[in-house]
Amino acid sequence: MNATGVGASVKRKEDNRFITGKGRYTDDINLKGQAYAVFVRSPHAHAEIKSINTKKAAGMPGVLGVFTGSDVAEDKIGGLICGWMIHSKDGSAMKAGPHPILAVGKVRYVGDHVAVVVADSKAQAAAAAAAVNVSYNALPHNVDAAKAMSTKAQVHKEAANNNVYNWGLGDEAATAAAFKSAAHVTKLDIVNNRLIPNAMEPRAAIGSYDTGDDHYTLYTTSQNPHVARLVISAFHGLCPEHKLRVIAPDVGGGFGSKIFIYAEEVVCLWASKRVGGRPVKWTADRTESFLSDAHGRDHVTKAELATDSSGKITGLRVHTIASMGAYLSTFASCVPTYLYATLLSGQYNIPNIYAEVDAVYTNTSPVDAYRGAGRPEATYVVERLMETAARELKMDPAEFRRRNFITSFPHQTPVIMMYDAGDYGAALDKALELSDYRNVKARKAEAAKRGKLRGVGLSAYIEACGIAPSAAVGSLGAGVGLWESAEVRVNPVGTVEILTGSHSHGQGHETTFAQLVSDRLGIDINNVSVVHGDTDKVQFGMGTYGSRSGAVGMHAISKALDKAITKAKTVAAHCMEASADDIEFKDGAFTVTGTDKKMDWSAVALQAYVAHKPGFEPGIKESAFHDPANFVFPAGVHVCEVDVDMDTGFTEVVRYTCVDDFGNLINPMIVEGQVQGGVAQGIGQALLEACVYDEDSGQLLTASYMDYNMPRARNMPSIGEFKLGFTCTPCPTNPMGMKGCGEAGAIGSPPAVINAITDAIGVRELPMPATPLTVWQAMQGMRKAAE
Amino acid sequence: MPTLSLKVNGKAVSGEVEGRTLLVEFLRDQLGLTGTHVGCDTSQCGTCVVHVDGKAVKSCTVLAASCAGASVTTIEGLAANGKLHPMQQAFHEEHGLQCGFCTPGMIMAAVDIVKRNGKKVDEETIRRELSGNLCRCTGYHNIVKAVQSGAANM
Ligand code: FES
Ligand code: FES
């Protein structure tokens, strides 16, 4: 194996700038003459705006402008969009209310953007923002998804009963019949708790309008700068695409929350022109992030699983209410539908599935994709049901799963997906072995001696990522195809630049993408640079989310490399006076079959530009677009062991095991890092993180790190007790045979943790986050029942 | 506005500060040392950790004016003569960073943890002492490993 090629745990090339403090995040950038924006936000969950008086603020020192929704309307700047159309069961289109970049007439959640002040300094802007006088008439509000369809709070007049859509997937009648004839039915009420993404870098934007060229530049914390440019130009109508450059420099984590187009970045661009072309910078403080970043999850579900007398699953039925928040964010509508219900078959042969989803408006921050997006919610439903059913049927949960595993591929589920490859039994075997599942009884006895209740929980997840085949998602309502682009530029000395539409915000693309090049061209990884995140450099791209940059983004690079090699062969053929068909390229050298003629990569690259030999087009620069043929289907098994303190309910994850099938790995070190980080987010969801809106006031009670419990180093299992393993069934639809790994950790882990706690304390249902109080209360319930 | 004079990364610097200017603002906005980050407004995330007179502090919670005459080290000043500090090297070797946003604060806090607890600082102590540093990417696993291996080489 090439030491820096595919499959090697190469240390990251991008590390140096980050460990020396030379990373370049949006807030690190300051443009000449820059002014600062501070937003006036709604203190009400739901209110009519009676009037906005900006006079006093406008006259304060340093203030360049105070703008409201009517100024936006004056310039005909469009509202924020949701890019995925969902149709209800009755065939009607989803009911989307308008989402202006500055509020018009009404505010719909605490933190809604009402006005913006632009001033010479941030302090001046903040002082003036406090002086903007908005008079509100409070309206009834509702923050609870479960109550949305019965509340008297009407969030948008377009959506009666706050129902955005009532959507269904699967065969309702056949599923009902399966339940009728079932030997056993397991029912659960499941809440998937609302989360706040909390990338450590707060969102930020600098909008800059060049009066000379009538051209805009936006620096922003984005996972997909090209999509931002497309939306800002096509839907907000600020300017045509060629008049807008979007740069997403180093981005400090995204987890989905930086996919979306937000009001603040559009406002900064627009306001820059309004203040005569001075760049306008906005950086969220953390409380603003809590209030205004798109949140995740927030599902309320009734789920049931039918089994026959031999312990085989015969049906699955789910009804979910999914909160959209107060507005439809960029991809919100597809999360609880096509990213959720399509995964409800899990790793199992389930002949009949029916899912119905009601998406609802509530007076809360918009909800959209957060690490896993729909798939963690599906996995949580399926794996809580599997564990509970096994316990009810008095079967070992591992064996119950094994009995129902899909074992032949390709496998068509009843909910759209065609699984291409997998070996679920192999992952289960390996996970049970790595976790020493066999001896859990002894560990339970040992824990009991220490006053702890030990529990073990499994979770066998599957996800669909490598998002996404354009025709397939188009037929399901996506506004755009989700292909990817790449360009390979070969320099005369043979070094290579890769331009990619993917965006790296922690995933390590500068290393893994270079590994692919190193592998293919036989050149050192240090002779490859990866360029991303700038619409002026990279022609187009769909960005990074849905674990797509490997399976889709690298596939595009692979295609462009194929073309570059073909071109280089033409050059080599001319130089060595042979036919291109006789040129072989291997380990960085071109040879002529049957001769000892040989040229290495860099010599051919040079000749491509020297171009003294007639007969070929000079240069080597090739590009490719790749549209995947199918999703990719990573799958695996998590085994969680917890100790619950009998007196306090405090739960500690004492052992954690993941066995994942990601197909072939490009860089195992980076893959393991992705899994570890994902599991931390899943443990956070299961044990710590609660997003709480006060029912009475509609205020977000958890709007700082004082109130929102982020996972810390001590919440994770110790180094020796956190074990990762891999199995491999290569993905048949990409030449690298790879699947995605970015979200799996967060998808598989919450049910494993909750299954472990419910095993430990002997309860059936337990809400997330399982804080000490929640667990203690659940234990008291058990004790009472026992008395 | 009063003038503040102090040493930053071994060099004497001075600048005008308001009474309310935070150390992190002075470092980022006036000195252009943007390796020190701001990740919260409640002194919890630790992305802003620097050393003042050899001790780790959260620079978002220190008034710049209170650092008159002090010696401040930021992430930019940790490598000596172009050679990475063992803790920086360890974060690289152990893959202790992903997006890199928490990393400067983590490294500065880690150096301080080792200074106070010694080269053989155990895992539990590291995890406890990192309570004031949040990372959303790594799950801390490789950060803890990095602190241990960096400690051994310090
Ligand atoms: S910025 Fe978060 S602790 Fe200083
Ligand atoms: S590496 Fe991203 S927050 Fe720690």
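Is region A:109-129 home to any residue that is touching a residue at least 60 places away in the same chain (Cβ under 8 Å), away from ligand 1 (no atom under 16 Å from the Cβ), under 24 Å from the mean Cα position of the chain (by Cα) and open to solvent by 60 Å² or more (accessible area, probe 1.4 Å)?
No, every residue in region A:109-129 fails to be touching a residue at least 60 places away in the same chain (Cβ under 8 Å), away from ligand 1 (no atom under 16 Å from the Cβ), under 24 Å from the mean Cα position of the chain (by Cα) and open to solvent by 60 Å² or more (accessible area, probe 1.4 Å).
Quick one: is residue A:602 surrounded by 14 or more Cβ atoms within 10 Å (Cβ to Cβ) and not in a strand (DSSP E or B)? Step through it out loud before you land on a result.
On the way: surrounded by 14 or more Cβ atoms within 10 Å (Cβ to Cβ): yes; not in a strand (DSSP E or B): yes.
So residue A:602 passes the test.
When you go through B:90, B:79, B:64, B:56 one by one, which is the residue that is of a type in the set (A, V, I, L, M, F, W, C) and within 16 Å of ligand 2 (Cβ to nearest atom)?
From the options B:90, B:79, B:64, B:56, the qualifying one is B:90.
Any residue in region B:32-49 that is within 16 Å of residue B:110 (Cβ to Cβ) and within 7 Å of chain A (Cβ to nearest Cβ) sitting within a Cβ distance under 8 Å of a residue that is among the hydroxyl-bearing types (Ser, Thr, Tyr) and part of a strand (DSSP E or B)? List the pairs, counting only those 6 or more apart or interchain.
The qualifying pairs do not exist here.
For a quick check of your reading of the model, give me the residue pairs whose first member lies in region A:207-225 and is closer than 25 Å to residue A:255 by Cα, whose second is open to solvent by 30 Å² or more (accessible area, probe 1.4 Å) and assigned to a strand (DSSP E or B), with beta-carbon atoms closer than 6 Å and at least 6 apart or on different chains.
Cβ pairs passing all conditions: A:217/A:245.
Go through region A:158-204 and give me each residue that's over 30 Å from residue A:680 (Cβ atoms) and within 14 Å of chain B (Cβ to nearest Cβ).
none
For residue B:50, all conditions in the list (1) away from ligand 2 (no atom under 16 Å from the Cβ); (2) open to solvent by less than 10 Å² (accessible area, probe 1.4 Å); (3) part of a loop (DSSP other than H, G, I, E, B) hold save one; what is the number of the exception?
(3)
Could you check residue A:576 against (1) under 30 Å from the mean Cα position of the chain (by Cα); (2) open to solvent by 10 Å² or more (accessible area, probe 1.4 Å) and say which number it fails?
Every listed condition holds for residue A:576 apart from (1).
Inspect region B:76-85 for any residue being surrounded by fewer than 19 Cβ atoms within 10 Å (Cβ to Cβ), out of contact with any helix residue (DSSP H, G or I) (no Cβ under 6 Å at 6 or more places or on another chain) and of a type in the set (D, E, K, R) and give the result as yes or no. Give the steps one after another, and end with the answer.
Keep residues of region B:76-85 that are surrounded by fewer than 19 Cβ atoms within 10 Å (Cβ to Cβ), which gives B:79-84.
Checking the rest, the ones that are also out of contact with any helix residue (DSSP H, G or I) (no Cβ under 6 Å at 6 or more places or on another chain) come to B:79-84.
If we keep only those that are of a type in the set (D, E, K, R) too, we end up with B:83.
There is at least one residue in region B:76-85 that is surrounded by fewer than 19 Cβ atoms within 10 Å (Cβ to Cβ), out of contact with any helix residue (DSSP H, G or I) (no Cβ under 6 Å at 6 or more places or on another chain) and of a type in the set (D, E, K, R).
Would you tally the residues in region B:53-72 being assigned to a strand (DSSP E or B), closer than 14 Å to residue B:25 by Cβ and free of Cβ contacts under 8 Å to residues at least 40 places away in the same chain?
Of the residues in region B:53-72, the ones assigned to a strand (DSSP E or B) are B:55-58, B:63, B:71-72.
Pick out the ones that are also closer than 14 Å to residue B:25 by Cβ and you get B:58, B:63, B:72.
If we keep only those that are free of Cβ contacts under 8 Å to residues at least 40 places away in the same chain too, we end up with none.
Number satisfying all stated conditions: 0.
Looking only at region A:1-23, how many residues end up being touching a residue at least 24 places away in the same chain (Cβ under 8 Å) and more than 8 Å from chain B (Cβ to nearest Cβ)?
Summing the residues that are touching a residue at least 24 places away in the same chain (Cβ under 8 Å) and more than 8 Å from chain B (Cβ to nearest Cβ) in region A:1-23 gives 9.
Those residues that are away from ligand 2 (no atom under 16 Å from the Cβ), within 13 Å of chain B (Cβ to nearest Cβ) and open to solvent by 10 Å² or more (accessible area, probe 1.4 Å), I need them from region A:715-742; list them, please.
Filtering region A:715-742 for residues away from ligand 2 (no atom under 16 Å from the Cβ) gives A:717-741.
Then drop every residue that is not within 13 Å of chain B (Cβ to nearest Cβ), which leaves A:717-724, A:741.
Within region A:715-742, A:718, A:719, A:720, A:721, A:722, A:723, A:724, A:741 qualify.
Among the numbered conditions (1) farther than 24 Å from residue A:222 by Cα; (2) outside any strand (DSSP E or B); (3) open to solvent by 10 Å² or more (accessible area, probe 1.4 Å), tell me where residue A:300 comes up short.
(2)
Which members of region B:86-110 meet the condition of being within 9 Å of chain A (Cβ to nearest Cβ), surrounded by fewer than 24 Cβ atoms within 10 Å (Cβ to Cβ) and in contact (Cβ under 8 Å) with a residue 60 or more places away in the chain?
Result: B:89, single match.
Within region B:115-136, count every residue that is among the hydrophobic types (A, V, I, L, M, F, W, C), away from ligand 1 (no atom under 16 Å from the Cβ) and either crowded, with 23+ Cβ neighbours inside 10 Å or under 23 Å from residue A:675 (Cβ atoms) (or both). It would help to see each step written out before you state the result.
At the first step, the residues of region B:115-136 found to be among the hydrophobic types (A, V, I, L, M, F, W, C) are B:121, B:126, B:130, B:134-135.
Going one step further and asking which of them are away from ligand 1 (no atom under 16 Å from the Cβ), we end up with B:121, B:126.
The next check asks that each one be either crowded, with 23+ Cβ neighbours inside 10 Å or under 23 Å from residue A:675 (Cβ atoms) (or both); those that pass are B:126.
Here the count works out to 1.
Considering (1) crowded, with 24+ Cβ neighbours inside 10 Å; (2) farther than 24 Å from residue A:380 by Cβ, say which one residue A:705 fails and leave the rest.
(1)
Among the residues of region B:41-79, what is the count of those that are closer than 21 Å to residue B:11 by Cβ and near ligand 1 (Cβ under 7 Å from one of its atoms)?
2
The values are calculated or read from the model by the stated rules, or taken from the named source; none is laboratory data. Quantities reported herein were computed from a predicted structural model and do not represent experimental measurements. Here Cβ is always computed from backbone atoms with ideal geometry, including for glycine, and neighbour counts include all displayed protein chains. Protein only, heavy atoms only, side chains kept; ligands, DNA and RNA dropped before computing areas. Shrake-Rupley method; radii C 1.70, N 1.55, O 1.52, S 1.80 Å.
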